[in-house]
Structures are given as C-alpha cells and as structure tokens.
Amino acid sequence: MKNKLDTIKETFKNDFANADNLNKVKKLEIQYLGKKSELYLFSRSIGSIKDIEEKKIIGKEINILKTEIKNLLKEKSIQYDKQDIKNSIKHDFDITYPVFPKNNGSIHPVKMIQQQLETIFTGMGFSIVNGPEMETDYYNFQALNIPEHHPARDTQDTFWLDNDMLLRTQTSNCQVRAMEKFGAPLKIIAPGKCFRYESMDASHETSFYQMEGLLIDRNISIRHLIGTMKVLLKEIFERDVDIRLRPGYFPFVEPGFELDIKCLICGGKGCKTCKNSGYLELLPCGMVHPNVFKMSKIDPDLYNGFAFGLGLTRLAMMKFNIHDIRYFNSGDLRFLKQFR
Ligand code: DAH
C-alpha cells in the first residue's frame, strides 16, 4: 500500500518538474487530483483494509500527499499566471508609454476662432454656408456691384486662372450664391479661405481667412447691424468692447462702414499695435446695396439687410496677440503647439 503512494509521489515529481506552462500544470491537477486519478481511486479502495490502525495511517498519508500535490500545483499555477500576464502586456502594449502620441495634432488658431464664431452665430439663428474657392468673375465681382473696369477691383489684387476663373478674393461670393439659392429672408455666415496676389509681410498673406455674414429681412436697420456686431465682439473677446463706425466704401453696401474696436492693448490711449490711433480696424460692413439684391432676384422694395466681412485671420491675430500673419501658414510646430 505504502509502495503505491511512493510510486504516485515519484511520477508526480517527474511530471511536475516537466510542467513548464500553465496548461501543463492544469492538466496535472486533473491527472493527480481528479476523480479518475490514481490517488483518488486509491483513497476509495482503502475502505477494504481490515486493520483500523493501518487504515488510519494510510488515510492520513493519502491526505498529506493530496495536500502536498495541491499546494505545489497551486503555487506553480500562480507563478505561470503572473508570467502569462506579464508576457501579454509585453506583446500587446507598453504600459509605460504615454497615453497620447507625443505629436498629437491640435486645432489651428484660425479654426478655433471660426468654430467659436459659428457657435455664436448659429445661436442667433444664422446658417453656415460655403462657396467655391475657384470662382467666376460674376460671383466674385459683378454680382457684388463691381462691374468690369471698376476701380474697386484694384484694391483686391487677384489671382487669375488659365480657365478664365479666379481664386476668390473675398467670401462675399457666398452672399450672392446664398441669395440665389435661398432667396429672402436670409441669415447666413460663410467662413472660408480667400486669396490675394500681394507681396507678403507681417500683415499681408496671399491666402487668409474671412467670414462673411448676411442678414436679409424686412425693416432691417443699422442698429441691427451694430447690435449683432457688439454681441459677436463681446463673445469673442469675453468682455464689452467699445466700437466706432467710420464711413467705408464697398460697392456692394450703401452706406458702408469700417467698424473699429477700441484697442484692447492700450485701452484707447494709443500704442504700437493700434499705431497710436487708439482704435483697430476690424470689421467692414454695411447695408446691402439695392443693386446687389436686384441682381440676385430679391426685391429691394420689400427687403433690406446688412452684410459684413470679418477678417478671421486678423481677428485671430488680435485675440492671441500674434504680430506676424506669416506664422499661420508656416506649419511651424513651435507656433502651433502654443494653441493646444
Ligand atoms: N469683402 C470685403 C473685403 O474683403 C469685406 C466686406 C466689406 C464684406 C463690407 C462685406 C461688407 O460683406 O458688407 O474687403
């Protein structure tokens, strides 16, 4: 009887030494402790032993061996379990690696301003529309009351293309397209890229962003225009901003204005940023010219409205205190990373 236990012990010792992974350990558990194991069957068979003392001793030894095997297998399976977890971590991912890739992108500062404005204007019931960057002379100029040979064209140096089209010099083309498509009444904004053929310096770029706005309804007055602009500026600069209106000439509005804001840097006293004038030119705007309405098949006797052309790039420069427009398109990560 005792021999039997010794052989089980011996074979287990061998098998145990060879069990070099979790799977093998689990198999040994069944093989040595399961219902069909030699040890189990043996323990069932000792009932037939007549000598009570002998039965007791053997029974005890069986239990000791069982516990010994159980403990050894448990210990080893815990060890392999840990190893397995470690291995899977090593293969699948490295827990010491930063959660976000180091060079994660971020929203461009101009886009940030654009999104902020979109939220403000959609909150006031405006819809967002857009138009093509490659445009016809008609939508970029003629339909905005700027016929061929009009001197106003000279203020917008234009990239002309081989196919007789042009790169839009202003987002005002979207006014015309929206009026044609939706008619009156109308409340839209149109953010987008514009292009001008000019030499670059700290305040001039060949491509930049504008946001056009147009509101058409009955009995619209300059007060609506000023009110809307004030809300917009307050939201953007997060404080009340003093404004002033000067006459400005744009063929598609009458009267036309230049809306200036009191310099946010010096508070109106005069500084380098505002060129000592105390004000910053920011928002050209005006009441839509009847000719523009007529060309887009809207009756100027029934409807009127206001329009504005906000320099998005310009606004971003003011908001973030950026002194050179060329940073925006430079792709310089040192610049872009500041806006994360
Ligand atoms: N499109 C003009 C420009 O780029 C800006 C402008 C002025 C837009 C007055 C308007 C406006 O809608 O009413 O110079």
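The values are calculated or read from the model by the stated rules, or taken from the named source; none is laboratory data. Keep in mind that this is a model prediction, so the values were computed, not measured. Counting neighbours? That spans all protein chains shown, and the Cβs are built from the backbone with ideal geometry, glycine included. Note: areas computed on protein heavy atoms with side chains; ligands, DNA, RNA excluded. Shrake-Rupley method; radii C 1.70, N 1.55, O 1.52, S 1.80 Å.
Computed from label points 7 Å out along Cα-Cβ, the spacing between Asp6 and Ser106 is 7.8 nm.
Taking the stretch 211-244, which trypsin sites (Lys or Arg not before Pro) meet the DSSP loop condition and have no more than 15 other C-beta atoms within 10 Å? Hits after loop and neighbour filter: Arg218, Arg239. Placing a pseudo-label 7 Å from each Cα along the Cα-to-Cβ vector at Asp201 and Asn18 gives an inter-label distance of 8.9 nm. Within the chain, the longest run free of GluC sites (Glu not before Pro) that sit in a DSSP loop with at most 13 other Cβ atoms within 10 Å is 1-147. Measuring between their Cα centroids, the stretch 110-164 and the stretch 317-340 lie 24 Å from each other.
Solvent exposure of Lys86, expressed as accessible area, is near 130 Å², computed with a probe of 1.4 Å over the protein chains only. Label positions at Glu254 and Ile64, each projected 7 Å from the Cα along the C-beta direction, are separated by 11.6 nm.
Once the Cβ-Cβ distance of Phe320 and Asn163 is raised to the sixth power relative to R0 = 41 Å, the FRET efficiency obtained is 0.65.
If R₀ is 25 angstrom, what is the calculated FRET efficiency for the pair Thr119 and Ile89, using the beta carbon separation as r and rounding to 0.05? The formula returns an efficiency of 0.05 here. Once the C-beta distance of Ile128 and Ile226 is scaled by a Förster radius of 35 Å, the resulting FRET efficiency is 0.95 to the nearest 0.05.
Relative to the longest principal axis of the Cα atoms of the chain, the long axis of helix 173-182 lies at roughly 80 degrees. Note that the chain shows a convex hull volume over its alpha carbon atoms of 275 Å³ per residue. Take Ile78: with every protein chain present and a 1.4 Å probe, its accessible area is about 80 Å². Note: the stretch 2-88, Cα convex hull, 72 Å³ per residue.
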